[in-house]
Amino acid sequence: MKLIFLGAPGAGKGTIAAAVGKAQGMPQVSTGDLFREAVKNGTELGLRVKGIMERGELVPDELTIALVRERLGRRDTAGGYILDGFPRTIPQAEALAAFQRIDGVINFLCSEQVVVRRLSGRRVCRACGAIYHVENMPPHREGVCDRCGGELYIRDDDRLESIRNRLRVYREQTEPLIGYYRSRGLLHDIDSAGNVEDSLVQLKPLLQNLQQGT
Ligand SMILES: [Zn+2]
């Protein structure tokens, strides 16, 4: 099964993709991971990505597409995969369609209010990177990592102003993809306002149907 997961920041698609990927034995392919891997391996593409990220610019479509294309050519994706965070734009979706046939696009829906509460409550350990949430997964001692005793902080990305900005960018850039995939009969909506288990329960029959169709 070749799947795309769409959803605003905080809609939960990354967490759900990890759970589904593990259960179905399918790799979760995220562009963030691909960028980090390319930079770490020092490939030609990686060196270009590194320069762009250091300048704080967005990685251009052609470079992102080249990395995704290389990744989807690896053997572990032969039985399917979940694309998480790609495509982000219509040109990326069109480029993907030129070399892959997608079986389904899952659109995770969640109100802005829920997303803001989820993201603004997130705390990250400065020392080990462990992630907490003030409501859903609080540390035993406020501001202190359970695992290593490190200091918990709010990432700049998770500050209210940044969250609003990320949501605005999502609406402008990525929401047109919903129409694009809906008109091709590939889009399936999932309500992800509840917890991860709720979303997985809704996904199960849908994935079974898609699997039968492949
Ligand atoms: Zn820690």
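Every number in this text was worked out from the coordinates using simple rules, so none of it is lab data. Predicted model only: the values in this text are computed from it and were never measured. Because the Cβ atoms are built from the backbone with ideal geometry, glycine has one as well, and the counts that use them run over all protein chains shown.
Observations
- Under 17 Å from K204, Cα to Cα: lysines that are on another chain or at least 8 residues apart: K2, K13, K22
- The Cβ shell under 11 Å around T89 holds other residues with a net charge of -3, Lys and Arg each +1, Asp and Glu each -1.
- Charged neighbours of Q211, selected by a Cβ distance under 14 Å, balance to +1 (K, R count +1; D, E count -1).
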